[in-house]
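The values are calculated or read from the model by the stated rules, or taken from the named source; none is laboratory data. Because the structure is a prediction, the values reported are computed rather than measured. Methodologically, a virtual Cβ is constructed for each residue, glycine included, from the backbone with ideal geometry; neighbour enumeration extends over all protein chains shown.
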Amino acid sequence: MIDHWLGGEHHFPVDVAAARAFEQAYGPCAPIFRELRAFLGRAVRAIVADGVDSFLVFGAGVPTMGNVHEVATEATVLYTDVDPVTIRLGQRILAGSDRAGYGYGDATDIGTVDPAQLHRFVPGWGRRPVGVVFLGLAAFLDDDTLARTLDELYGAVAPGSRLAIDFDTDELAAHPEALAMMGPAFRMRRPEVFAPLLGRWRPTADGIVPIARWRPDGPPADVPDAFYGAVAVRPAD
């Protein structure tokens, strides 16, 4: 669905049908998800500017249309997901790449990531700073699971590592039909709870803000504040 909204080519008719059904319940989604992808790009560029040259991406989806390796063109990237169809598609897209790979990985259990892939595409994992991308996931984890997951990631990465993360706000509450489509696992949160959930991770001076206002390249895009985003740091011990 997101690939469809981004104008990509790697989706199926069922995805288009689902996207259109959601739009009927909510409204135009393409501008919001394009801004979310733009936030990813700005966050990745900021992380690279801080000297990070390898990334681990959870819940990666389709690895194109401005995804991490297309932004950080000199970095190595390991994309992970839990959906077998998405993983196979990602592996097919990246088959010719020597600096980006795709494999299984459950964000709530870092041990599920293939050690060989982690060693190849995120060299120095646990010993040198890396970028962890955690977008589109927080809304599907309860508070305890999210806090535990982020704390385990904090403990696994080296000091100086960066975390790019987003949170869904309660903006969707005004659209009950669309909210019902998200399923019972979907969790909206109010902005005041975002920072506590990060635990030991420390947001940059930009804070946790609507994604359109996180280091915009120009005037912020005029989109609903459906997502807040941040880049957070594991400080030196």
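For the range 164-179, filtered to residues that are outside any strand (DSSP E or B) and in contact (Cβ under 8 Å) with a residue 40 or more places away in the chain, the residue that is surrounded by the fewest Cβ atoms within 10 Å (Cβ to Cβ) is GLU177.
Restricting attention to the range 131-140 and to residues that are assigned to a helix (DSSP H, G or I) and out of contact with any Leu (no Cβ under 6 Å at 6 or more places or on another chain), the residue that is surrounded by the fewest Cβ atoms within 10 Å (Cβ to Cβ) turns out to be PHE140. Scanning the range 180-203 for residues that are of a type outside the set (Gly, Ala, Ser), in a helix (DSSP H, G or I) and within 30 Å of VAL122 (Cα to Cα) returns PHE194, PRO196, LEU197, LEU198.
A single member of ASP222, ASP151, ASP206 is part of a loop (DSSP other than H, G, I, E, B) and more than 21 Å from PRO28 (Cα to Cα), and it is ASP206. When each of ALA38, ALA19, ALA43 is tested for being of a type in the set (Gly, Ala, Ser), more than 17 Å from PRO220 (Cα to Cα) and assigned to a helix (DSSP H, G or I), the lone residue that passes is ALA19.
Candidates ARG128, ARG99: the one that is surrounded by fewer than 20 Cβ atoms within 10 Å (Cβ to Cβ) and touching a strand residue (DSSP E or B) at 6+ places or on another chain (Cβ under 7 Å) is ARG99. Could you look through the range 198-217, keep only residues that are hydrophobic (A, V, I, L, M, F, W, C) and surrounded by 14 or more Cβ atoms within 10 Å (Cβ to Cβ), and pick out the one that is farthest from ASP166 (Cα to Cα)? This residue is TRP201. Among residues that are within 17 Å of the chain's Cα centre (by Cα) and either modelled with pLDDT under 95 or loosely packed, with under 14 Cβ neighbours inside 10 Å (or both), ASP143 is not included.
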